[in-house]
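Report on one structure; see the data block that follows.
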There are 2 protein chains.
Amino acid sequence: MSERPTASVLVTGSELLTGHVADANGPFVARALADLGFAVRRVLLVGDRPDDLRSALEFVAGDDLVVTSGGLGPTADDLTAEIVAEFCAAPMAVDTELRGRIHAKVAGWATRAGWAGPALDAATEKQSRVPHGACVLEPVGTAPGLVVTRPGGPIVVVLPGPPRELTGMWPAVLVAEPVAELLATAPRAEPILLRFAGLPESEIAATLREVEQKLDLSRVEVITCLRRSELEVDLHPLPGAAELAGELADRVVRAHRRKLISDDGRTTDELLAGALLEKGWTVATGESCTGGLLAGRLVDRAGSSAYVAGGVVAYSDEAKTALLDVPAALIAEHGAVSPQVARALADGARARFGADVGVGITGVAGPDGGTEAKPVGYVCFCVTTADGEVVARDPQLPGGRADVRERSVDLAMHLLLRVTGRTGPGAHR
Amino acid sequence: MSERPTASVLVTGSELLTGHVADANGPFVARALADLGFAVRRVLLVGDRPDDLRSALEFVAGDDLVVTSGGLGPTADDLTAEIVAEFCAAPMAVDTELRGRIHAKVAGWATRAGWAGPALDAATEKQSRVPHGACVLEPVGTAPGLVVTRPGGPIVVVLPGPPRELTGMWPAVLVAEPVAELLATAPRAEPILLRFAGLPESEIAATLREVEQKLDLSRVEVITCLRRSELEVDLHPLPGAAELAGELADRVVRAHRRKLISDDGRTTDELLAGALLEKGWTVATGESCTGGLLAGRLVDRAGSSAYVAGGVVAYSDEAKTALLDVPAALIAEHGAVSPQVARALADGARARFGADVGVGITGVAGPDGGTEAKPVGYVCFCVTTADGEVVARDPQLPGGRADVRERSVDLAMHLLLRVTGRTGPGAHR
């Protein structure tokens, strides 16, 4: 796998090592680099101690590209720029024009907030110190990014830690001269991403073993990844093996077509948004055990107001009746967690919001409240449409409270996708 | 900081390097080790390539403890046990008793699933091969964990990748003999975690600089971490410096008492749940731009049905009127995004669900829909109680759509906490 240029990601921040925060920058940068054709060899999380940062840089010195995040703040313990300068044997100096630009950026709000003064000037001065010869990436917040090359070693891209600043600066990274030159040598990656719902990893493994009898797969890296109820199968061909990867993808899709969500990387959320917009449909939710998580997921996308009518979170029986017209007698007869009540929640939400599609979810998320007949993880789903279509499920979902709720939201998304007619044989390829 | 034993975490899995999955094991293990008194020096994510795993092990060979996760599956590319054995110079052999136990575990479902046969036997055989002298940790799934010591080097704890298996095996790790012996030498960690709302990192930095004039802080590691609108200040004293850390915490709290959420690590969510239960209050939500995320956050905790009455997600003006009794004239006069409508949403939710507290949120999450008077990020909040208390805010929140919505949920949680009387001077210490 060494025919592609190699890269490593170095994320700094002591808070990552106490487990208080999950790192988002490593996955973002790794994915971006992999998509650009790099072989990403590792992601390192290190604390803000200078020696740990130094040894981490030496550890990855054999790669073609190193991307760091964090440690560019205005305080004395933000040391990444200095240590990268040392690693690249480039002396540090204040970039006076950069200092002016940072000052212009912060002066306004700092004055309003009463923070202007010597402390602010010192902070600005610190953030304007850059290694000699570095390519400066304009700050998104107050910290500039840097691209520095170690003589005979890797190109080091230094980015700020706040994810919003890092992702905002990423387009500038790709056009910075040393990076652009390296990119020109990287064979374009042509990964294929297949996404399945409700398919166990072992079934994909079995299919791959079968295909291996007929195709030489040594030039396609296959990465399978299960996230809750979706399975991603990511095919990364080595240079020249794109056709082979395409044939492999075809065979995998053929074997599991009924479980396929997409063969072009599109997510369930993207597909559902597109399908609802295409049909001009709106959705309303009536949620019990998922407590608003489905509504939150649906409105997650920009422009969602075009297809989300609204939703009700009805925990109590009274709320189910008062806000979603679930007959009290129905609850008394079948219980609040029942396919009948899920159906009534869906119909009630649809009617109350004047929507085209209604979704009802009621279940036992746990840890308490389970019975022998309806244990923790038993969840009833129903999707109904104004056309009279009804799709219902009442599975027993595995895992703890958070698992059950997240899987429930996933499953509701898949059922919604199904009523739009977007999935199933013939919908793909 | 070298007076504590050092540890590193080594997480394997190629899917982590394409950014498709965020790693959960690294943060879990790092936090557990930090709480046990270890100085966690780094978390490494590496692919499933043998050479990368080998070089990663050599990189962390100077630590006292190394914990790996992943690569223990039944297939040929799961190589962690072999490579750790090589690293520890311990030959591999089948543990026949372990093989029997794994076989007993899988035989039942494998037979039902039609998977019994030579492939399963080979898989069981592979998972029973352990390094000579290793301490075997009973499988939670089908893979055993291992504790192996490198002569003159670190103790290596080898754990399976699925988070459920890893966390399930963790208690056994701590009592495994070599680990227990090392733990006995680790000074107990006595970290102090302070949590603030709406406090910029730079203000904490200024306070720390001031305190440094009076106290020698070299024996307390201070980690500040901003997550959206909350700032965590984590004080890790070196052995013997617990009193010093306590004094530092007192000074930081005194300087920012009004922004303090907790000084004992408790989260906003924990505090709010406790305060609502104590008062016997229930909450109902009327959300527009946050689309159910506040409801979802409130019901996130087990037992939340005791204090969450329910909620409505009302995107459209019609839904606001029909489901939460927001007068159409009020919307026409002030606009759907206005303090007046936020108030009406809060009152409407409270009335409709018969709750003690109502929360209304309406704002411009973006990316579209902003105007000069009400730009993207302008969000109106209102919390009202049955007692007639009203707390309202209409800030301009920074960031993109996801940021605005997440910060809005945070802020709503803080306002809720405020009406319970839980925060402010005198509520802490």
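The values are calculated or read from the model by the stated rules, or taken from the named source; none is laboratory data. Given the structure is predicted, the values throughout are model-derived calculations rather than measurements. Don't worry about glycine lacking a Cβ; one is built from the backbone with ideal geometry, like all the others, and counts go over all protein chains shown.
Scanning the range A:205-227 for residues that are among the β-branched types (Val, Ile, Thr) and within 11 Å of chain B (Cβ to nearest Cβ) returns A:VAL222, A:ILE223, A:THR224. Applying the criterion of being more than 23 Å from A:GLY280 (Cα to Cα) and among the polar types (S, T, N, Q) to the residues of the range A:301-354, the residue that is farthest from the other protein chains (Cβ to nearest Cβ) is A:GLN340.
Residues that are at pLDDT below 95 and not in a helix (DSSP H, G or I): does the range B:315-324 have at least one? Yes, that holds for at least one residue. Have a look at A:THR124, A:THR149 and point out the one that is in contact with a His (Cβ under 6 Å, 6 or more places away or on another chain) and either surrounded by 15 or more Cβ atoms within 10 Å (Cβ to Cβ) or modelled with pLDDT of 90 or more (or both). Only one candidate qualifies: A:THR124.
Are any residues in the range A:162-196 among the small types (Gly, Ala, Ser) and either closer than 15 Å to A:ALA34 by Cα or part of a helix (DSSP H, G or I) (or both), and if so, which ones?
Correct list: A:GLY168, A:ALA172, A:ALA180, A:ALA184, A:ALA186, A:ALA189.
Going by the structure shown, is B:LEU79 touching a helix residue (DSSP H, G or I) at 6+ places or on another chain (Cβ under 9 Å), within 25 Å of B:GLU181 (Cα to Cα) and either within 14 Å of chain A (Cβ to nearest Cβ) or modelled with pLDDT under 95 (or both)? No. Scanning the range A:27-37 for residues being surrounded by 24 or more Cβ atoms within 10 Å (Cβ to Cβ), modelled with pLDDT under 95 and more than 7 Å from chain B (Cβ to nearest Cβ) gives a total of 1.
Where helices (runs of 4 or more DSSP H) sit wholly within the range B:197-308, those with at least 3 residues that are touching a His at 6+ places or on another chain (Cβ under 8 Å) occupy B:201-212.
Quickly run through the range A:317-371 and pick out the residues that are hydrophobic (A, V, I, L, M, F, W, C) and touching a residue at least 60 places away in the same chain (Cβ under 8 Å). Those that are hydrophobic (A, V, I, L, M, F, W, C) and touching a residue at least 60 places away in the same chain (Cβ under 8 Å): A:ALA346, A:ALA349, A:PHE353, A:ALA355, A:VAL357, A:VAL359, A:ILE361, A:VAL364, A:ALA365.
Does A:VAL66 satisfy the criteria of being surrounded by 24 or more Cβ atoms within 10 Å (Cβ to Cβ), more than 8 Å from every other protein chain (Cβ to nearest Cβ), over 30 Å from A:LEU120 (Cβ atoms) and not polar (S, T, N, Q)? Lay out the reasoning, then the answer.
Numbers: surrounded by 24 or more Cβ atoms within 10 Å (Cβ to Cβ): yes; more than 8 Å from every other protein chain (Cβ to nearest Cβ): yes; over 30 Å from A:LEU120 (Cβ atoms): yes; not polar (S, T, N, Q): yes.
Spelling it out, A:VAL66 is indeed surrounded by 24 or more Cβ atoms within 10 Å (Cβ to Cβ), more than 8 Å from every other protein chain (Cβ to nearest Cβ), over 30 Å from A:LEU120 (Cβ atoms) and not polar (S, T, N, Q).
State yes or no: is B:VAL337 touching a Ser or Thr at 6+ places or on another chain (Cβ under 7 Å), β-branched (Val, Ile, Thr) and not assigned by TED's automatic domain parsing to the domain that holds B:VAL252? Against the criterion (touching a Ser or Thr at 6+ places or on another chain (Cβ under 7 Å), β-branched (Val, Ile, Thr) and not assigned by TED's automatic domain parsing to the domain that holds B:VAL252), B:VAL337 qualifies. Among the residues of the range A:167-177, count how many are out of contact with any Leu (no Cβ under 9 Å at 6 or more places or on another chain) and either touching a residue at least 24 places away in the same chain (Cβ under 8 Å) or assigned by TED's automatic domain parsing to the domain that holds A:HIS236 (or both). Looking only at that region, the number is 3. A single entry from B:VAL253, B:VAL233, B:VAL283 fulfils the requirement of being under 28 Å from B:GLU3 (Cβ atoms), crowded, with 23+ Cβ neighbours inside 10 Å and more than 9 Å from chain A (Cβ to nearest Cβ): B:VAL233. Among the residues examined, A:VAL156 qualifies as out of contact with any Leu (no Cβ under 7 Å at 6 or more places or on another chain), buried (at least 20 other Cβ atoms within 10 Å of the Cβ) and more than 14 Å from chain B (Cβ to nearest Cβ). A:SER304 passes every criterion in (1) surrounded by fewer than 19 Cβ atoms within 10 Å (Cβ to Cβ); (2) assigned by TED's automatic domain parsing to the domain that holds A:LEU415 apart from (1).
So in the range A:181-198, with the set limited to residues that are among the aliphatic types (A, V, I, L, M) and at pLDDT below 85, which one is nearest to A:ILE223 (Cα to Cα)?
A:ALA189
Of note, A:PRO144 satisfies the criterion of being over 30 Å from A:ARG228 (Cβ atoms) and crowded, with 22+ Cβ neighbours inside 10 Å. Looking across B:ARG41, B:ARG4, one residue alone is more than 9 Å from chain A (Cβ to nearest Cβ) and either basic (Lys, Arg) or more than 17 Å from A:ARG41 (Cβ to Cβ) (or both). It is B:ARG4.
Here the helices (runs of 4 or more DSSP H) wholly within the range B:6-118 that include at least 2 residues being free of Cβ contacts under 8 Å to residues at least 12 places away in the same chain, out of contact with any Gly (no Cβ under 8 Å at 6 or more places or on another chain) and acidic (Asp, Glu) are B:50-59. Looking across the range B:356-410 at every residue that is more than 14 Å from every other protein chain (Cβ to nearest Cβ) and of a type in the set (Ser, Thr, Tyr), the one that is surrounded by the most Cβ atoms within 10 Å (Cβ to Cβ) is identified as B:THR384. Is there a residue being facing chain B (nearest Cβ under 8 Å) and either under 23 Å from B:LEU57 (Cβ atoms) or at pLDDT 95 or above (or both) anywhere in the range A:84-95? No, there is no match, as no residue in the range A:84-95 is facing chain B (nearest Cβ under 8 Å) and either under 23 Å from B:LEU57 (Cβ atoms) or at pLDDT 95 or above (or both).
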